[in-house]
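Before any comments, here is the structure.
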Amino acid sequence: METIGKIRRRGLRDGESISGLARSLQLSRNTVRKYLTAGAEPVYKRKPQSVPQLGPWCGRLDEWLRGDGLLPKAQRRTARRLFECLQAEGYAGAYDSVQRHVRQWKIETGRATVSTAFVPLFFASGDVAQFDWSYEHVVPGGAGTTIKLAHFRLAYSRQMFVVAYPREAQEMVLDAHNRAFAFFGGVPRKVIYDHLKTVVDVVFTGKERQFNRRFLALASHYRFEPPSIGLEPPLGDCQQSPAGQ
């Protein structure tokens, strides 16, 4: 997927020839041409993951998580400890299923830990945008609830775009990008993230990251660079986004 993104950025955005791309990437010209002419947007819908072992225990696990949420942080059980407690009551499934459920529960309830990001203070026009989440408490129809706000900010002009969602699922991260690029009328060369788990699967030593495949499909479609790839000389204010988006 990263190779596809390189082909589309260098060919469609930077104007590099098919022959040049084929030589530098050691691919056939037909392969390069296929990826350059592919016009369909990637499909983002997540396939439901079955949890046959954990399913009957989800209610019990949520009950413990809600109870632990009322305790001081030092007294709350880790995902590993919750897994061991479930095992003591008869759970025979894997730890990974419990870990994923705990992570998703924290995201949906706004309890996931947010790290602090530091970015340069000076940017070229159209070079960089920053993405992050916040949450707000709203009272629609008299009933209070928490919503998640996806924030985009262009680093040069400081122009913002904000859209609300019920939670931080990956489908909503991708949809927020579609809406933001349509609002800005173009695509920045690079987008900065704060190690979102819906974007980054693995963080390696230094600046290297393993990105989620569906996020790479989005970056390939819009031809912006994932954060681990260095910036090239800046363009104008923003690229024209594909398909008029």
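Limited to region 19-64, what total is found for residues that are modelled with pLDDT under 65 and in contact with a Lys or Arg (Cβ under 9 Å, 6 or more places away or on another chain)? Spell out how you get there, then give the answer.
Narrowing region 19-64 to residues modelled with pLDDT under 65: 39-51.
With in contact with a Lys or Arg (Cβ under 9 Å, 6 or more places away or on another chain) added as a condition, the list becomes 42-44, 46, 49, 51.
Total meeting the criteria: 6.
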> Looking at region 139-154, which of its residues are within 19 Å of the chain's Cα centre (by Cα) and among the hydrophobic types (A, V, I, L, M, F, W, C)?
Replying inline: Ile147, Leu149, Ala150, Phe152, Leu154
> Say we look at region 112-129 and pick out the residues that are under 21 Å from Arg167 (Cβ atoms) and surrounded by 12 or more Cβ atoms within 10 Å (Cβ to Cβ); which of these is modelled with the lowest pLDDT?
Replying inline: Val114
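Give me the residue from region 69-103 that is of a type in the set (A, V, I, L, M), touching a residue at least 24 places away in the same chain (Cβ under 8 Å) and touching a helix residue (DSSP H, G or I) at 6+ places or on another chain (Cβ under 8 Å) and, out of that set, farthest from Trp57 (Cα to Cα).
Filtering region 69-103 down to residues of a type in the set (A, V, I, L, M) leaves 70-71, 74, 79, 82, 86, 88, 92, 94, 98, 102.
Checking the rest, the ones that are also touching a residue at least 24 places away in the same chain (Cβ under 8 Å) come to 79, 86, 92, 94, 98, 102.
Among the residues that remain, those that are also touching a helix residue (DSSP H, G or I) at 6+ places or on another chain (Cβ under 8 Å) are: 79, 86, 98, 102.
Numbers: Ala79: 14, Leu86: 8, Val98: 9, Val102: 12 Å.
If we take residues in region 69-103 being of a type in the set (A, V, I, L, M), touching a residue at least 24 places away in the same chain (Cβ under 8 Å) and touching a helix residue (DSSP H, G or I) at 6+ places or on another chain (Cβ under 8 Å), then Ala79 is farthest from Trp57 (Cα to Cα).
Restricting to region 138-161, name every residue that is over 22 Å from Arg103 (Cβ atoms) and touching a helix residue (DSSP H, G or I) at 6+ places or on another chain (Cβ under 9 Å).
Listed by number, the residues that qualify are Phe152, Leu154, Gln159, Phe161.
Go through region 171-181 and give me each residue that's within 13 Å of Asn212 (Cα to Cα) and either crowded, with 18+ Cβ neighbours inside 10 Å or free of Cβ contacts under 8 Å to residues at least 40 places away in the same chain (or both). Steps first, please.
So the first thing to find is which residues in region 171-181 are within 13 Å of Asn212 (Cα to Cα), and the list is 171, 173-174.
Selection gives Val173, Leu174.
The values are calculated or read from the model by the stated rules, or taken from the named source; none is laboratory data. This is a predicted model, so every value here is computed, not measured. Ideal geometry is used to build each Cβ from the backbone, glycine not excepted, and the neighbour counts take in all protein chains shown.
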